[in-house]
Amino acid sequence: MSEPKYKRVMLKLSGESLAGANGFGIDFTVATRIAKEIKELVDMGVEVGAVIGAGNIWRGREGSGMDRVTADNMGMLATCINALALQNSLEDLGIETRVQSAIEMREIAEPFIRRRAVRHLEKGRVVIFAAGSGNPYFTTDTAAALRAAEIDAECILLAKKVDGVYNCDPNLHADAVKYDHLTYRDVMEQDLKVMDITAITLCKDNDIPIIVFGLDGEGNIRKAIEGKSNGTIIDSQEL
């Protein structure tokens, strides 16, 4: 294995990544594969925080007619289910893991306390940050950027279904062009929908690089941490 480029990272996973081919719910075969890849990082001495979305369980108020606050609260609770599932898969592999929730639920998760989270990371534990930011109207992208800034993560590993950022949807357009590098300003000005605008702004203001890569394929998380990913790097550098 190569030396990791980063000592402390924030891994952002979509809820759909846990669903596998089913497209909904949790496929524990997939959860185990992701856990094994996270274990590779831990074995390399990398400190790993993680945020998981909830799209495999709850898609917000789409088609429901619910008010936004209620729908977002349900989504935050759904991220806790995914966090516990990933925690279980990691601990099955012998990786000490803590779930910290932005919404208090002491029977199943610690409350988010920044100093405690950092201490867990320093001890080699994976910390999964659940329940988003604890507030409606904010996505798990924003929660990942916020927590990354709070724990002084050196980058965000943004796992996607596609292997980087394209100028248009590669699933719909055969001539879609993938970017190897973008600045935060490029993402905002071209409205590339990598993360929501609040998350991109947080990363820009705190100079947190974003590595966008495809989760499918073994070893892709490790390749991202080693600087060998064929995905897209987003940072402040004008090339």
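So the values come out like this:
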| quantity | calculated |
| --- | --- |
| Qualifying residue in region 156-174 (condition: without any contact (Cβ under 8 Å) to a residue 60 or more places away in the chain and under 27 Å from residue 89 (Cβ atoms)) | yes |
| Residues of region 111-126 classified as of a type outside the set (Phe, Trp, Tyr), without any contact (Cβ under 8 Å) to a residue 60 or more places away in the chain and closer than 19 Å to residue 84 by Cα, total | 5 |
| Looking only at region 94-107, and only at residues there that are aliphatic (A, V, I, L, M) and free of Cβ contacts under 8 Å to residues at least 60 places away in the same chain, the one that is nearest to residue 128 (Cα to Cα) | 99 |
| Residue satisfying condition, being in contact (Cβ under 8 Å) with a residue 24 or more places away in the chain, in contact with a Gly (Cβ under 8 Å, 6 or more places away or on another chain) and not hydrophobic (A, V, I, L, M, F, W, C), within set 49, 55, 60 | 55 |
| Residue in region 164-222 that is nearest to residue 5 (Cα to Cα), counting only those that are part of a loop (DSSP other than H, G, I, E, B), at pLDDT 90 or above and of a type in the set (Asp, Glu) | 207 |
| Scan of region 72-92 for residues that are more than 30 Å from residue 124 (Cβ to Cβ) and free of Cβ contacts under 8 Å to residues at least 40 places away in the same chain, ordered by number | 74 |
| Long-range neighbours under 6 Å by Cβ, at least six apart or interchain, first residue within 23 Å of residue 202 (Cβ to Cβ) within region 1-26, second at pLDDT below 90 | 5/227 |
| Condition broken by residue 175, with the remaining ones in (1) out of contact with any strand residue (DSSP E or B) (no Cβ under 9 Å at 6 or more places or on another chain); (2) crowded, with 16+ Cβ neighbours inside 10 Å satisfied | (2) |
| Every residue from region 133-160 that is among the polar types (S, T, N, Q), part of a helix (DSSP H, G or I) and farther than 20 Å from residue 38 by Cβ | 142 |
| Conditions (1) closer than 24 Å to residue 208 by Cβ; (2) over 15 Å from the mean Cα position of the chain (by Cα): number failed by residue 146 | (2) |
| Residue tally, condition touching a strand residue (DSSP E or B) at 6+ places or on another chain (Cβ under 6 Å) and buried (at least 22 other Cβ atoms within 10 Å of the Cβ), over region 141-154 | 5 |
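The values are calculated or read from the model by the stated rules, or taken from the named source; none is laboratory data. The shown structure was predicted, so the numbers you read here are calculated from the model rather than taken from an experiment. As a convention, Cβ positions derive from the backbone with ideal geometry for all residues, glycine included, and neighbour counts pool all protein chains shown.
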